[in-house]
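Enquirer: For reference, the structure I am asking about is given below.
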Amino acid sequence: MNAINRLAAVVSLASLLPLSALAAEPGTVEVTHWWTSGGEKAAVDTLRKQIEQDGFVWKDNAVAGGGGAAAMTVLKSRAVAGNPPAAAQVKGPDIQDWGALGLLTNLDDVAKANDWDALLPRKVADIMKYDGHYVAVPVNIHRVNWLWINPQVFAKAGAKVPTTLDELFAAADKLKAAGFVPLAHGGQPWQDSTVFEGVVLSILGPKGYHAAFVELDEKTLTGAQMIKAFSTLQRLGTYMDPNRAGRDWNVAAAEVINGKAGMQIMGDWAKSEWTAAGKIAGKDYECVAFPGTQGSFAYNIDSLVMFRLKDENDIKAQNDLAKVALEPAFQTVFNQNKGSLPVRQDMDMGPFDACTQKSAADFKAAEQGDGLQPSMAHNMATSLAVQGAIFDVVTNFLNDPKADPAKAVKQLDSAIKSAK
Ligand code: GAL
């Protein structure tokens, strides 16, 4: 075969191949996140599968550790090394700090093509923007102020589902007397502060909570009600398993699921564990607002920030991830697994269980007044530096049964001041 004939053979062979075989390598999207419990892995798998179905490669950068502190350390060191992933779970005010570093990409085209401004609540859309441009996509709305209950354990102990703090302590006493762990808990700073913020919301109400954790108001932080919040936290500590240090939140959830413990104070990602264990809301378990916070909704919005990439195919994969995250089918199946509410406002809530439907109704009601508040323990209310200062004070306090609540409020105020 001479050169011309060889070339003709190659060309005609090529015409037989599907276009995709000639195209360049499919793009890869690497995602840093901390969804590693059984239930949460099931949720994130729904995203991976969709990305793979769309013809892209999903590279998983899961960093274990509830609350995400370990994942944030990994993300920072990768960014410093000039090697950030395509997407990472970054939330709340922290998005602004990443935006200011100039490392995030502009998602306005995807947002416009998919009508994000119309789909998202204004408050949510604003959090996702830096300097007026979308740099992140939200996937859900978690409610943090929940109490998870095993009704069989409650029945055995003769305990009643609590609606006030007094009733919570009465139920805890019954559970203790019947030989159960009243409150399942993992001794990690973010879990300690998850309990603390519930107590603050209950005692100070949504306005006081806002003054404390959003405005960082000195008078509120050091006032009598905050002292009461610390002493209530201390009392709650006496119903927690003393061997709780370092325990993961999903291990604590399993204690309630398996009937060793009666209750857990945790955000609704805890529902992902009940779902993964095949349990049904309203039948096998109860979800009630943390006692005294019925009209309030401490929100925690998971979002993925997107970093600037060079490779065109990887950018296509990244844009696909951004688009998929807000598609109705994904919003349904992901949030059914994750325990959260869809972040889109136009969703059919029919396929969701009793807890999520209650959450949706509570969100709407809280939105009408002051009830909707950003979660301090889940990066929505303050900078991570201020949050870290609060975590330290709260965890040191809870780990010292003799700690003085009146001293704790002063420590809280001064730790916040130096972190600001
Ligand atoms: C939160 C996060 C949730 C869940 C939880 C436990 O901060 O928003 O999605 O992962 O931590 O790790």
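Enquirer: Just to be sure before I move on: is Phe334 hydrophobic (A, V, I, L, M, F, W, C), within 16 Å of the ligand (Cβ to nearest atom) and in contact (Cβ under 8 Å) with a residue 12 or more places away in the chain in the structure I sent? Break it down into steps so the answer makes sense when it comes.
Expert: Values: hydrophobic (A, V, I, L, M, F, W, C): yes; within 16 Å of the ligand (Cβ to nearest atom): yes; in contact (Cβ under 8 Å) with a residue 12 or more places away in the chain: yes.
For Phe334, the condition - hydrophobic (A, V, I, L, M, F, W, C), within 16 Å of the ligand (Cβ to nearest atom) and in contact (Cβ under 8 Å) with a residue 12 or more places away in the chain - is met.
Enquirer: Report the residue count in the range 27-57 for those that are assigned to a loop (DSSP other than H, G, I, E, B) and under 26 Å from Ala254 (Cβ atoms). Reasoning before the result, please.
Expert: Kept after step one, since they are assigned to a loop (DSSP other than H, G, I, E, B), are these residues of the range 27-57: 27, 34-37, 54-56.
Then keep just the ones that are under 26 Å from Ala254 (Cβ atoms); that gives 34-37.
Residues that pass the stated criteria total 4.
Enquirer: Let me ask something else about it. Within the group Asn150, Asn61, which residue is of a type in the set (S, T, N, Q), closer than 22 Å to Lys338 by Cα and in the same structural domain as Trp249 (by TED's automatic domain parsing)? Break it down into steps so the answer makes sense when it comes.
Expert: Details: Asn61 fails: in the same structural domain as Trp249 (by TED's automatic domain parsing).
Within the list Asn150, Asn61, the selection yields Asn150.
Enquirer: Given the conditions (1) open to solvent by 80 Å² or more (accessible area, probe 1.4 Å); (2) of a type outside the set (Val, Ile, Thr); (3) modelled with pLDDT under 95, report the number of the one that Asn106 does not fulfil.
Expert: The one condition Asn106 does not meet is (3).
Enquirer: Of all residues in the range 298-311, how many are surrounded by fewer than 17 Cβ atoms within 10 Å (Cβ to Cβ) and either without any contact (Cβ under 8 Å) to a residue 60 or more places away in the chain or aliphatic (A, V, I, L, M) (or both)?
Expert: If we filter the range 298-311 for residues that are surrounded by fewer than 17 Cβ atoms within 10 Å (Cβ to Cβ), which is where we start, we get 308, 310-311.
Right, trim to either without any contact (Cβ under 8 Å) to a residue 60 or more places away in the chain or aliphatic (A, V, I, L, M) (or both) and you get 310.
Residues in the range 298-311 being surrounded by fewer than 17 Cβ atoms within 10 Å (Cβ to Cβ) and either without any contact (Cβ under 8 Å) to a residue 60 or more places away in the chain or aliphatic (A, V, I, L, M) (or both): 1 in total.
Enquirer: Something else: Of all residues in the range 335-363, how many are closer than 21 Å to Met266 by Cα and surrounded by fewer than 21 Cβ atoms within 10 Å (Cβ to Cβ)? Spell out the reasoning first.
Expert: Taking the range 335-363 as the starting set, the residues that turn out to be closer than 21 Å to Met266 by Cα are 335-343, 352-363.
Subset that is surrounded by fewer than 21 Cβ atoms within 10 Å (Cβ to Cβ): 336, 352-354, 357-358, 360-361, 363.
The number of residues fulfilling the criteria is 9.
Enquirer: Does the range 146-202 hold any residues that are open to solvent by less than 10 Å² (accessible area, probe 1.4 Å) and part of a loop (DSSP other than H, G, I, E, B), and which are they?
Expert: Hits for the range 146-202 are Asn150, Pro162, His185, Gly186.
Enquirer: I've got another one for you. I'd like the residue in the range 366-379 that is more than 9 Å from the ligand (Cβ to nearest atom) and in a loop (DSSP other than H, G, I, E, B) and, out of all such residues, is surrounded by the fewest Cβ atoms within 10 Å (Cβ to Cβ). So that I can check it myself, show each step before the final result.
Expert: Pass one, the range 366-379, residues more than 9 Å from the ligand (Cβ to nearest atom): 366-374, 376.
Applying the additional criterion that residues be in a loop (DSSP other than H, G, I, E, B) yields 369-371, 376.
On the way: Gly369: 11, Asp370: 15, Gly371: 21, Met376: 28.
Per the criteria, the residue is Gly369.
Enquirer: For the condition touching a residue at least 12 places away in the same chain (Cβ under 8 Å) and either within 16 Å of the ligand (Cβ to nearest atom) or among the hydroxyl-bearing types (Ser, Thr, Tyr) (or both), what is the one hit in Val153, Val110, Val137? It would help to see each step written out before you state the result.
Expert: Numbers: Val153 fails: either within 16 Å of the ligand (Cβ to nearest atom) or among the hydroxyl-bearing types (Ser, Thr, Tyr) (or both); Val110 fails: either within 16 Å of the ligand (Cβ to nearest atom) or among the hydroxyl-bearing types (Ser, Thr, Tyr) (or both).
Result: Val137 is the single residue among Val153, Val110, Val137 that is touching a residue at least 12 places away in the same chain (Cβ under 8 Å) and either within 16 Å of the ligand (Cβ to nearest atom) or among the hydroxyl-bearing types (Ser, Thr, Tyr) (or both).
Enquirer: Please work out if Leu412 is open to solvent by less than 20 Å² (accessible area, probe 1.4 Å) and not β-branched (Val, Ile, Thr).
Expert: Details: open to solvent by less than 20 Å² (accessible area, probe 1.4 Å): yes; not β-branched (Val, Ile, Thr): yes.
Against the criterion (open to solvent by less than 20 Å² (accessible area, probe 1.4 Å) and not β-branched (Val, Ile, Thr)), Leu412 qualifies.
Enquirer: Regarding the range 321-330, can at least one residue be identified that is assigned by TED's automatic domain parsing to the domain that holds Glu197 and within 16 Å of the ligand (Cβ to nearest atom)? Step through it out loud before you land on a result.
Expert: Of the residues in the range 321-330, the ones assigned by TED's automatic domain parsing to the domain that holds Glu197 are none.
Among the residues of the range 321-330, not one is assigned by TED's automatic domain parsing to the domain that holds Glu197 and within 16 Å of the ligand (Cβ to nearest atom), which makes the answer no.
Enquirer: Would you check which residues across the range 214-241 are among the β-branched types (Val, Ile, Thr) and farther than 22 Å from Val386 by Cα and list them?
Expert: First pass over the range 214-241, keeping only residues among the β-branched types (Val, Ile, Thr): 214, 220, 222, 227, 232, 238.
Correct list: Thr232, Thr238.
Enquirer: What is the number of the single condition among (1) touching a strand residue (DSSP E or B) at 6+ places or on another chain (Cβ under 7 Å); (2) closer than 30 Å to Trp249 by Cβ; (3) more than 15 Å from the ligand (Cβ to nearest atom); (4) charged (D, E, K, R) that Lys91 does not meet?
Expert: The failed condition is (3).
Enquirer: Another one. Go through the range 62-96 and give me each residue that's of a type in the set (S, T, N, Q) and surrounded by fewer than 17 Cβ atoms within 10 Å (Cβ to Cβ).
Expert: Of all residues in the range 62-96, those of a type in the set (S, T, N, Q) come to 73, 77, 83, 89, 96.
Within the range 62-96, Thr73, Ser77, Asn83, Gln96 qualify.
Enquirer: Turning to a different aspect of this structure: Select from the range 246-274 the residues that are under 10 Å from His185 (Cβ atoms) and either away from the ligand (no atom under 16 Å from the Cβ) or part of a loop (DSSP other than H, G, I, E, B) (or both) and write down the one among them that is most open to solvent (accessible area, probe 1.4 Å).
Expert: Here the residue is Arg247.
Enquirer: Output the qualifying pairs, or none if there are none: Cβ atoms under 6 angstrom, residues six or more apart or on different chains, first residue in the range 51-67 and within 15 Å of the ligand (Cβ to nearest atom), second residue open to solvent by less than 30 Å² (accessible area, probe 1.4 Å) and among the aromatic types (Phe, Trp, Tyr).
Expert: Short answer, once both residue conditions are applied: Val63/Trp34; Gly65/Trp34; Gly66/Trp249; Gly67/Trp190.
Enquirer: Across the range 382-408, what is the total count of residues that are surrounded by fewer than 18 Cβ atoms within 10 Å (Cβ to Cβ) and over 30 Å from Trp98 (Cβ atoms)?
Expert: 8
Enquirer: Also: Among the residues of the range 116-134, how many are aromatic (Phe, Trp, Tyr) and either within 16 Å of the ligand (Cβ to nearest atom) or open to solvent by 40 Å² or more (accessible area, probe 1.4 Å) (or both)? Reasoning before the result, please.
Expert: Of the range 116-134, the ones aromatic (Phe, Trp, Tyr) are 116, 130, 134.
Now drop any that are not either within 16 Å of the ligand (Cβ to nearest atom) or open to solvent by 40 Å² or more (accessible area, probe 1.4 Å) (or both), which leaves 130.
Residues in the range 116-134 being aromatic (Phe, Trp, Tyr) and either within 16 Å of the ligand (Cβ to nearest atom) or open to solvent by 40 Å² or more (accessible area, probe 1.4 Å) (or both): 1 in total.
The values are calculated or read from the model by the stated rules, or taken from the named source; none is laboratory data. Quantities reported herein were computed from a predicted structural model and do not represent experimental measurements. In this analysis, Cβ positions are derived from the backbone assuming ideal geometry, glycine residues included, and neighbour counts consider all displayed protein chains. Note: areas computed on protein heavy atoms with side chains; ligands, DNA, RNA excluded. Shrake-Rupley method; radii C 1.70, N 1.55, O 1.52, S 1.80 Å.
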